[in-house]
Amino acid sequence: MQPIYLDYNATTPVDPVVAEAMQPYILQHYGNPSSTHAYGRAAREAVEGARTQVASLLGCSATEVVFTGGGSESNNTVLKGVAYTYRHKGQHIITSAIEHPAIINPCRFLEQQGVRVTYLPVDRTGMVDADEVRRALTPQTILISIMHANNEVGTLQPIADISRMAHAHGVLVHTDAAQSVGKIPTLVDELGVDFLSVAGHKVYAPKGIGALYMRAGVGLEPLIHGAGHESGRRAGTENVIFAVGLGKACEVAQADLPRYQRDVRQLRDLFWQELDKRFGDRVVLNGHAEQCLPNTLHINFRGVIGAELLEKLPELAASTGSACHAGEITLSSVLEAMQIPAELGRGAVRFSLGRYTARQDIEQAVALITRIF
Ligand SMILES: Cc1ncc(COP(=O)(O)O)c(C=O)c1O
């Protein structure tokens, strides 16, 4: 028996429909999209078609979508690009303490270059307070970068409120939407952002492809200089095969969004109810009860260590929120920022459901956990 996969926030399998769409571009349509002959034109059409599919999911114009090598590259492009391009305007960036390393580490790098970075705290549910963002603003602030949904606990951030307030002060807004794209609506005009990062492998496309939404008219020095690909915003011959995959994945995600939000949420809720019924106060839900990704269930199992629990459950593929180094248990930076007490957070496990999770998977997972906890 294959382990039950409950780690969709780590990565998703490639959807067979996505794999099928990519197939002709592996062996048949191998032209360079910059070439003007028939081979090149076929590749160009494919890339531009894919760009339109991504744009449709984000509710933006295709010209505002840049293909990248993934969520990390999209994030780096924005942080380093804004810091460089707007350095004469100011040198202050606001972010949060619960961002993915693909935000935290470029910020740390920028700090070494003299940029000041404010890492905002979060409350016990893992949420940033929009008022705190406002209070952190200075005349030097050039960018606010707050994730749309947290990868560990799933808490959704008040991005629309933050954008409204930021724009009133002439400050650019970026959101890392790697975890929310395809799970909840991610329309850029509703969120009001200037930049939004997409990671292909969280939305049933392959690993190593992503996209960046850049609002029309907002100029940015690119991360990768070279020939003028992607309208001069990201050099390098386009990854035609993977761009086609990401485009198809976005099309499928858009069509599936209402069902996903309903059915996956229902299974996630069932999972929690069953655990709650069996274990009562031995299990504690982390994150926000409502403002949460529909697929994410983050639980502290009292009196155990998350990693040890999962070791005893090889039939389940999930993630833990604590790490063991030389006998010392350390909580993830997200749980620390949420001020989860160490004795609780040691038992943290993240279950993340997805497109292929069935009711039977959840029932089996509950039975397996019951047997050992
Ligand atoms: C919130 C968030 N941002 C960024 C990334 C990085 O994306 P990628 O792996 O495509 O570089 C991830 C992936 O784990 C993520 O969860």
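The values are calculated or read from the model by the stated rules, or taken from the named source; none is laboratory data. What you see is a predicted model, and the numbers here were worked out from it, not measured in a lab. Here Cβ is always computed from backbone atoms with ideal geometry, including for glycine, and neighbour counts include all displayed protein chains. Just so you know, the surface numbers come from the protein's heavy atoms only, side chains and all, with ligands and any DNA or RNA stripped out. Shrake-Rupley method; radii C 1.70, N 1.55, O 1.52, S 1.80 Å.
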**Request:** For the chain, build the charge dipole from Cβ charges (+1 Lys, Arg; -1 Asp, Glu) around the Cα centre, then report which of Thr118, His298, Leu368 sits farthest towards its positive end.
**Result:** Thr118
**Request:** Would you please give the FRET efficiency between Thr85 and Asn32, computed as 1/(1 + (r/R0)^6) with r the Cβ-Cβ distance and R0 = 30 Å, to the nearest 0.05?
**Result:** 0.55
**Message:** Strictly greater than 28 Å: what percent of every Cα pair in region 80-226 meets that?
**Reply:** 12 percent
**Stretchable slack from His169 to Lys207, in nm (0.36 nm times residue separation minus alpha-carbon distance)** = 10.0 nm
**Request:** Would you please report the Å³ per residue occupied by the convex hull of the alpha carbon atoms in the chain?
**Result:** 142 Å³
**Prompt:** Where Lys and Arg each count +1 and Asp and Glu each count -1, what net charge lies around Arg302 among other residues with Cβ under 11 Å from its Cβ?
**Reply:** 0
**Convex hull of region 294-360 built on C-alpha atoms - directionally averaged projected area, nm²** = 5.4 nm²
**Request:** Would you mind calculating the gained length between Ala323 and Ala19 on full extension (0.36 nm times residue separation, minus the Cα-Cα distance), in nm to one decimal?
**Result:** 106.0 nm
**Complete:** For Lys207, the lysines lying under 21 Å Cα to Cα, once residues fewer than eight places off in the same chain are dropped, come out as Lys183, Lys248
**Asked** Over all pairs of distinct alpha carbons, what does the Kirkwood formula give as the hydrodynamic radius of region 253-373, in Å?
**Response** 14.9 Å
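Quantify, in whole percent, the carbon and sulfur part of the accessible surface of the chain (1.4 Å probe; protein heavy atoms only). Intermediate values should be presented prior to the final figure.
On the way: 8150 of 15630 Å².
The C+S portion of the solvent-accessible surface of the chain is 52 percent.
Which semi-axes, in whole Å and largest first, does the equivalent ellipsoid of region 130-202 have when worked out from the alpha carbon gyration tensor as the square roots of 5 times its eigenvalues? Provide the component values of the computation, followed by the final result.
Values: eigenvalues 97, 29, 21 Å².
Largest first, region 130-202 gives 22, 12, 10 Å.
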**Complete:** Probe 1.4 Å, heavy atoms of protein chains only: per residue, the accessible area of the chain in Å² is 42 Å²
**Prompt:** On the first, second and third principal axes, largest extent first, how far apart are the outermost C-alpha atoms of region 191-317 in Å?
**Reply:** 59, 31, 25
**Item:** Two-site FRET efficiency, Glu48 against Thr237, from Cβ-Cβ distance with R₀ of 25 Å, rounded to 0.05
**Value:** 0.95
**Asked** Hull surface divided by four, with the convex hull built on the Cα atoms of region 330-373: how many nm²?
**Response** 4.2 nm²
**Asked** Just for the Cα atoms in region 21-130, what are the lengths along the principal axes, largest first, rounded to whole Å?
**Response** 52, 35, 24
**Prompt:** Between region 231-284 and region 118-151, how many Å separate their Cα centres?
**Reply:** 24 Å
**Prompt:** For the chain, what does -39500 (n - 2.57) per DSSP helix run (n ≥ 4), summed and divided by total residues, give at 222 nm, in deg cm²/dmol to the nearest 500?
**Reply:** -11500 deg cm²/dmol
**Complete:** Computed over the chain: longest principal axis from alpha-carbon atoms vs helix 71-85 long axis, angle to nearest 10 degrees, is 50 degrees
**Asked** Percentage of Cα-Cα pair distances in region 174-250 greater than 17 Å, rounded to whole percent?
**Response** 50 percent
**Prompt:** In nm, to one decimal, how far is the Phe279 label point from the Arg262 one, both placed 7 Å along Cα→Cβ?
**Reply:** 3.1 nm
**Complete:** For region 103-149, the Cα convex hull volume per residue in Å³ comes to 83 Å³
